[in-house]
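Notes follow once the structure below has been shown.
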Amino acid sequence: MNSVPYLLIMFLLPLGGVLMLLLAQDDEKSKGRNALSVAMLTVWASLVFIVLALSHVDSTYNHLQLVEQYVWLENPKITLTFGVDAFSLLLILSVNVAALIGMWGVRHFSVKMKSCMILTLLFLSMITGLFLAADVMSFFIFFAALLFPLFLLIGLFGDVKRQIALFRFMFYSICGALIFFVVLVVLYNHDTANVMLNKMADFKLGPKGEFFVWAAIFVALLSRIPIWPFHSWIAAVHSSIKNPLVFVLANMTPLTGIYGLMRFVPEGLPDSLLFLSTGLEVIAVITMLFIALIAFINMDFQYKIFSFMTVYYIFFMLGVFLPTSQYMLNIGFSLFAFMIIFSSIEVLVAYQEQIRHDNKLLSEGILTLLPKLSVIFTFMILAAVGMPLSAMFVNNFVLIAALLAYSFGTTVCAIAALMLVASALLVELYRRKKMPKLDFVTDDVEDISSKDFVFVSLTAVVLLLSLVNPLWFIRG
Amino acid sequence: MFALTVLKIGVLGLLTEIFQKNRMVRSWSWFLFAAVVLCLLPWLSGQGDLFKKSLWFFNWVDTSVIKIDIALRTGPEYAPFIWTQIIVLMFALSYNAFFSFEKMRLRYAGLYTLIFAAMMFVISAFNIMQLLIAICFVDILGFYLLQDIGVKRHYMFFNFFADFLLMVLFALIWGWERNLDISALSAFVKHSSFAGYAVGLFVISVCIKCGMAFFHNYLLDMKSISFVRGGFMMFATTPFTGLVLLYRCTNLFSGFEWAKYALEVMLGLSALWAIFAFVLIDAFKAKILYLHMLMISFLAAMILMNKTEFLALLPFVVMMACMLSGVMILPLVAAANEPLVSKTGGLVQLMKFSLGVSVLSLSGCLYFFSPYLKNDGAWLIWLLLVVLVVLFIHFFAQVYFGDVHADERVMAVVKNPNVLYFGFILASWAVLLFHAKPVFNTEFLNWGIFVLVVPSFILFAAKLRPLRFCDKAYACENVQTAAPALKLFDVCFILPIKTLGRVLWLTIDFLLIERFLVAFIRQTIYSMIRFSRWAHHNIKYAGTVFMIVGVVLVWFVYWLQKGGF
């Protein structure tokens, strides 16, 4: 046990924030500003602890560090184990930064702010717990628990079609969680001790048992990723969310699936599933191409962002076919930049939609009326499509190289999907930057405020720093 | 020394970008020009280390997976490329300081210097990662040199595809060789089973970057910007990175002769396209861009031939291109910025001095390149010189000797442009003459032929107007507005992708998933709910059914325990 239980603090801090939020004043006068301030402060505090924890972690050491154990039940004996490496800390850092950007995006909103912030912190606590979990039981608890705040968030902030969206979301996610639960029961029945995540690959259950357990784990984890033909369900959820913060949080769920895959199979697919690898690759590639093609014709920018994210998530997921422990840090850094980029884009799009709605404008050419926003939005889109403006560039290069060496055909298809989805973003960018018709021009439109501009510019600086020196805060 | 100079220039550019002001723009432009000249002075005066080997080295990323070094270095093999960039930078900054073509002069001046610094990283890269990143940076900075959204759009799309293909190519090489060094390319093509794909990717990337035929539209869009910025974009951004790429990665062609032939065919097509378009297209600035396209095809062909004596000519060819574009801009400026050649004609009476300088400039180019006409592979230079003479005779014939088509008001203001316009032309001319080797043994012959005979021939041919039948093309709307390459891309790529996306969306997403799968699950759940309701209400029948199901289950478990299947 460490002298300072960093991991427990990281998990409990957002819950402490929830308690503070329950006490925060929320009336007509404050318009949710108190709630937002408390929530943002909590996330900032979490960020401090994450960076502190990062400074104690050796990035060259591939095993879990800062391990902490907490006994939950004596009979049956269930111990929650927390442990991290640079990869999981990077993911915790990225979800917190993305949430912070999302919070900044909703700071002018006033409807149900307190509920929104309480559920956001609850979600952050759960997802942090998931990334800290070092054993299967802890992993499952957080894997299932993070659905609860998300369900409420979508229910509260979804649009008119939210009932269908909620039904699909819950059906899809709960099926995955139930399958995982069955795995947990099987594992517990086989060996009463709680299995550590990094020992899962060595766990022996006999050929049939192993096939069942691994297949179930894969299905459960894949249920968090919008894999074809269930992608449209998740798409329905995402396109129904207009609140940027909730959109950002909802889009973090695939991350849990990818993280799970990386943790459970750090050295590539288990032997019992090797014969399925072609099928998995085919499904992954079909999903990527399918979503990218539809993104190319779909006019809804939310859908394009969703497609962009999904294609990239599946691209990272393909990393599971590699000896992931070797490339974990590359995937982590890439995801770190990716989360910042997509949350910034979502916040900036939400701002444009607000302006569009308030001034009854078309989205075509809207950026010509918002020059400051246009500059930063263009930067984010260029970073998103893969220009060397963030850590995504070098790390994606490494991943593409490793994947090309693993399977040329699959990777070529994946690259085609990445190019298509990037083109879809570029097309939308230029549609929004196109000179508007004369009757469209109005002087009343207010550009992004200086405060907002500085905030988003700072995220751009963080991205650039992640390119220039991606390892500055990590030892080793 | 070299790294320090690049750093100084980069910082100057960055400071200009950050602190650009609307006041005293002219003075600041002058100040920047002077500062850059001061930085480059050791090289310009021939005392620098440009031709000596020097190396500055920085260990950028060092992990167990990948190690990336950034380096700046000089040596005789890089000098022609560096000189070319110096010339283009001087051309752009001097025009920027002297003239008011641009509203945002300081912004562009800052970007010119920043692009120069980025280009030095491209030229002196010795690993593929530095090459890739520096090329991308040049593209991004070039993107900010453009204002028109249509131009930006094409520029970004073409470059994005080229950069992405390059990234895939280099990732393939690194994944195979685990070595980022450019020298690893030869080992890769020897051993890798994917070498053929890699070479294919490389050829496409170079074609896009150099703006060769069918990939040139994004460069032609530059006709809407000032000719200085357009020239800079052609010779100091993307197309030039294509040339450097071609030079540095020639190893990829070993064992893949087809790729070399493919490139040669593309270069030939580009040159032909540029020649025909120069003759047929009406706009002055479009003609200048086609001239640049021709020059870039020529430079790429020179690099492909891989002859040292030709490589040394690189800066002079670019200087010639800049000088000739300066020559072409003279009538445009004189005729109150009339954008179309067809709206000029008969300017010889009012612009004798301009015509004289123009003809002498062309003759100077011929003089400079004539000594190389005896070398091995000289057909390329022969071809270029003949084509240039024919094209410029046609141009002079239309603008100076053709029938007057200009408006009376325009004709009233036509006069030789400001003397400053001749400054760069004459300076380039002087540099070419200074570096020229005499063609004939006697001074009399040299001067007599290139100052009297050749110019007289050019003027005589221009007066005859041998290609005047081509003037009809100016009146043809289809010829002037046609963009066959873009239409080809639309038909071959964009339309199929859109159609496929739409069909998939309608058939799979909407019909199969939404109408069938989702509806099936929904109906199943409703059926279960109905069954559950029925089971709770009709105890008599439901009880019997459950009992039967229970008995079947018990039997099934018993059967399983006995061995089952």
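Brief remarks on what is shown
- The residues of region B:463-491 that are within 14 Å of another protein chain (Cβ to nearest Cβ) and aromatic (F, W, Y) amount to a single one, B:F489.
- Meets criteria (charged (D, E, K, R), touching a residue at least 40 places away in the same chain (Cβ under 8 Å) and under 29 Å from B:I381 (Cα atoms)) for B:K307: yes
- Pick from region A:347-378, criterion farther than 17 Å from A:Y430 by Cα and either modelled with pLDDT of 90 or more or hydroxyl-bearing (S, T, Y) (or both), ranking: surrounded by the most Cβ atoms within 10 Å (Cβ to Cβ): A:V347
- Considering residues of region A:262-293 that are among the hydroxyl-bearing types (S, T, Y) and within 27 Å of A:F306 (Cα to Cα) only, the residue surrounded by the most Cβ atoms within 10 Å (Cβ to Cβ): A:T287
- The residues of region B:492-534 that are under 41 Å from the mean Cα position of the chain (by Cα) and at the interface with chain A (Cβ under 8 Å from one of its Cβ atoms), listed by number, are B:I497, B:K498, B:L500, B:G501, B:R502, B:L504, B:W505, B:I508, B:D509.
- Pair list, Cβ under 9 Å, 6 or more apart: region B:370-388 residue closer than 20 Å to B:N446 by Cβ, other residue of a type in the set (K, R): B:S370/B:K437; B:P371/B:K437; B:Y372/B:K437; B:N375/B:K307
- Of all the listed residues (B:I173, B:I208), the sole one being aliphatic (A, V, I, L, M), in a helix (DSSP H, G or I) and within 9 Å of chain A (Cβ to nearest Cβ) is B:I173.
For every residue, the table says whether it meets (1) on the phi < 0 side of the Ramachandran plot; (2) in contact with a Leu (Cβ under 9 Å, 6 or more places away or on another chain); (3) among the aliphatic types (A, V, I, L, M); (4) more than 14 Å from chain B (Cβ to nearest Cβ).
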| position | (1), (2), (3), (4) |
| --- | --- |
| A:K242 | yes, no, no, yes |
| A:G260 | yes, yes, no, yes |
| A:L276 | yes, yes, yes, yes |
| A:I283 | yes, yes, yes, no |
| A:T287 | yes, no, no, no |
| A:F290 | yes, yes, no, no |
| A:P323 | yes, no, no, no |
| A:Y327 | yes, yes, no, no |
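- B:D163 being facing chain A (nearest Cβ under 10 Å), on the phi < 0 side of the Ramachandran plot, at pLDDT 90 or above and touching a Cys at 6+ places or on another chain (Cβ under 7 Å): yes
- When the criteria are applied in full, A:F167 meets the requirement of being modelled with pLDDT under 80, out of contact with any strand residue (DSSP E or B) (no Cβ under 6 Å at 6 or more places or on another chain) and part of a helix (DSSP H, G or I).
- Of all residues in region B:203-218, those satisfying the criterion of being closer than 15 Å to B:R248 by Cα and aliphatic (A, V, I, L, M) are B:V203, B:V206.
- Of the helices (runs of 4 or more DSSP H) entirely within region B:259-375, those holding at least 3 residues that are hydrophobic (A, V, I, L, M, F, W, C) occupy B:284-305, B:314-334, B:352-369.
- Unmet criterion (only one of (1) touching a residue at least 40 places away in the same chain (Cβ under 8 Å); (2) under 23 Å from A:F290 (Cα atoms); (3) more than 7 Å from chain B (Cβ to nearest Cβ)) for A:F377: (2)
- Any hit, region A:191-204, residues being assigned to a helix (DSSP H, G or I) and within 14 Å of another protein chain (Cβ to nearest Cβ): no
- Leading residue by the ranking (farthest from the chain's Cα centre (by Cα)) among those in region B:182-195 that are surrounded by 14 or more Cβ atoms within 10 Å (Cβ to Cβ) and outside any loop (DSSP other than H, G, I, E, B): B:A187
- Residue within region B:90-112 that is in contact with a strand residue (DSSP E or B) (Cβ under 7 Å, 6 or more places away or on another chain), within 14 Å of chain A (Cβ to nearest Cβ), in a helix (DSSP H, G or I) and in contact (Cβ under 8 Å) with a residue 24 or more places away in the chain present: no
- Counting the residues of region A:197-221 that are surrounded by fewer than 22 Cβ atoms within 10 Å (Cβ to Cβ) and either of a type in the set (D, E, K, R) or within 20 Å of the chain's Cα centre (by Cα) (or both) gives 6.
- Some residue of region B:264-278 being surrounded by 20 or more Cβ atoms within 10 Å (Cβ to Cβ), over 25 Å from B:P339 (Cα atoms) and modelled with pLDDT of 90 or more: yes
- Residues in region B:435-488 that are of a type in the set (F, W, Y) and over 22 Å from B:V359 (Cα atoms): B:F469, B:Y474.
- Subset tally (residues that are at the interface with chain A (Cβ under 7 Å from one of its Cβ atoms) and part of a strand (DSSP E or B)) for region B:57-67: 1
- Residue in region B:281-301 that is out of contact with any strand residue (DSSP E or B) (no Cβ under 8 Å at 6 or more places or on another chain), farther than 30 Å from B:L467 by Cβ and either in the same structural domain as B:C476 (by TED's automatic domain parsing) or at pLDDT 90 or above (or both) present: no
- Unmet requirement for B:L165, which otherwise passes all of (1) assigned by TED's automatic domain parsing to the domain that holds B:M293; (2) not in a helix (DSSP H, G or I): (2)
- Every residue from region A:23-45 that is surrounded by 15 or more Cβ atoms within 10 Å (Cβ to Cβ) and modelled with pLDDT under 85: A:A24, A:D26, A:S30, A:K31, A:G32, A:R33
- When A:A402, A:A417 are screened for being at the interface with chain B (Cβ under 10 Å from one of its Cβ atoms), small (G, A, S) and surrounded by 15 or more Cβ atoms within 10 Å (Cβ to Cβ), only A:A402 passes.
A quick yes/no check of all residues on (1) polar (S, T, N, Q); (2) out of contact with any Cys (no Cβ under 7 Å at 6 or more places or on another chain); (3) farther than 15 Å from A:L147 by Cα:
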{"residue": "A:F171", "(1), (2), (3)": "no, yes, no"}
{"residue": "A:D191", "(1), (2), (3)": "no, yes, yes"}
{"residue": "A:V195", "(1), (2), (3)": "no, yes, yes"}
{"residue": "A:P207", "(1), (2), (3)": "no, yes, yes"}
{"residue": "A:A215", "(1), (2), (3)": "no, yes, yes"}
{"residue": "A:S239", "(1), (2), (3)": "yes, yes, yes"}
{"residue": "A:F247", "(1), (2), (3)": "no, yes, no"}
{"residue": "A:T253", "(1), (2), (3)": "yes, yes, no"}
{"residue": "A:E267", "(1), (2), (3)": "no, yes, yes"}
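The values are calculated or read from the model by the stated rules, or taken from the named source; none is laboratory data. Remember, predicted model here, so these are calculated numbers, not experimental data. In this analysis, Cβ positions are derived from the backbone assuming ideal geometry, glycine residues included, and neighbour counts consider all displayed protein chains.
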